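> Please find one structure pasted underneath; my questions will follow.
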Amino acid sequence: MTGTESARVRAAQSRTRERRSQRMSRLEPLGWATIIVVVASALTSKPTASGHGTGLAVTIALGVYVLSLIAAIYIANSDAAMGWQVAVTVLLGASGIVMAALQPSGASVIGPSVAVWLATIRLRPPVLAWGLAGAITAALAVAEATAVHAIAEAVAASVLLCLVLGMMGHFVRRSHESEERAEILLAQLQDAREAEAEAAVVAERGRIAGELHDVLAHSLSGLAIQIEGARMLAEREQVSPRLRQTIGRSAELVKDGLREAKQAVGALRGEAMPGLDGLPALVDQFGRDANIRVDVVMEGTARTLPREAEVALYRGAQEALTNVARYAPGTTATVQLSYDIDTVRLIIEDTGPAADVERPASLAGAGGGNGLAAMRERVEAVGGSLHAGPVSDGWRVKLEVPA
């Protein structure tokens, strides 16, 4: 596994490790039961464990076996290194073989067979596991065959027990490994599907971005050329300064529109979008273009928001200010940005159209009537809300997004 795995794959690996630990924990009572059986057999078989002679050897072997099995139980519930697991398994097998050789009539054959089972279920790689299991089985057979009053059937039964437990450990380990591998592969497959879907979305966005770029760049560039021609014609024919100023502002608006269209296309391609840091420049540019006084009020301590939330507030301010110019010419407006503990609030409010200012006829049918709806969808998509309606003589738009 590499260090670039996704959170889903890491979670799957964590679950497999947890299940592995739980499985080994459930075997802990079996380990203690084995200790009780082996100790009882060693204390009741001949020669009995004691402090001298052969009994002393039985006592030492029994002590090493009990300590090794306790260590094996502890290691089974931890992430101990493979070297420690091999060492404990070797001690467990060796002490069990010594006990089986010293007490061939007892139940001490259980000791080496448990070591064989642990080797096949815990050790990696399989060559090491089977090599150690085979060595323990062979040593047990030799020890029992060379013991006094050796019985061939007993030797064969001991070897068969080791083989059965070894095969059981092997198949249990293979089953658990297959289950773990399947879960991790499923997580990787889900990652691959998501990456494929994301790549398809990016590719489609790139195609749409290319189409939009071609259409908007051509249309707006042509419009800019026409307006520039109109400006030059107005200067040549010496039309009123107000008309020339209006044509000049129109040219600037077309340039801004082309720049924002490029930003929108860039967003489809995954490029950065404007945020709240661009709000002062937006308000300043709008005030000059629409010849409307706009005051900016900032409250609270500014902080960084998720990019989608900042874009939603920026586009909301842009749409609201455009509506101010469209429906309330000659007004004064206020843009208030407030940073609260849990929310960030943006309010755009105007005082209504001036009585002595005529609404430009060119704006009468501008827009598709979907500005507020699109604004609401964008804000609600980031968990925020939008409220718009009349206040006093003017209009107020309030946007809130979670902080």
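> At a probe radius of 1.4 Å, what is the per-residue accessible area of residue 142, in Å² to the nearest 10?
The accessible area of residue 142 comes to roughly 90 Å².
> If I fit a long axis through the Cα atoms of helix 7-26 and take the longest principal axis of the Cα atoms of the chain, what angle between them do I get, 0 to 90°, rounded to 10?
Helix 7-26 sits roughly 30 degrees off the main axis of the chain.
> Determine the order of 30, 140 by accessible area, beginning with the largest, at a probe radius of 1.4 Å. Can you show the working numbers first?
Working: 30 105, 140 0 Å².
Largest accessible area first, the list is 30, 140.
> Could I ask something else about it? Rounded if a/c is under 1.5, else prolate if a/b is larger than b/c, else oblate: which is the chain, with a ≥ b ≥ c the root eigenvalues of its Cα gyration tensor?
Values: a/c = 6.36, a/b = 3.91, b/c = 1.63.
Cα axes put the chain in the prolate bin.
> Mean residue ellipticity at 222 nm from the helices of the chain, using -39,500 (n - 2.57) per DSSP H segment of n ≥ 4 over the full residue count, to the nearest 500 deg cm²/dmol? Before the final figure, lay out the partial values.
Working: 11 runs with 271 residues, N = 403.
Taken over the chain, the calculation gives -24000 deg cm²/dmol.
> What order do 273, 298 take when sorted by accessible area (1.4 Å probe), most exposed first?
Numbers: 273 35, 298 110 Å².
The ordering from most to least exposed comes out as 298, 273.
> Compute the angle between helix 371-380 and the longest alpha-carbon principal axis of the chain, please, reported from 0 to 90 degrees and rounded to the nearest 10.
20 degrees
The values are calculated or read from the model by the stated rules, or taken from the named source; none is laboratory data. Since the structure is predicted, the reported quantities are computational estimates derived from the model, not experimental observations. Accessible surface areas use protein heavy atoms only, side chains included; no ligands, DNA or RNA. Shrake-Rupley method; radii C 1.70, N 1.55, O 1.52, S 1.80 Å.
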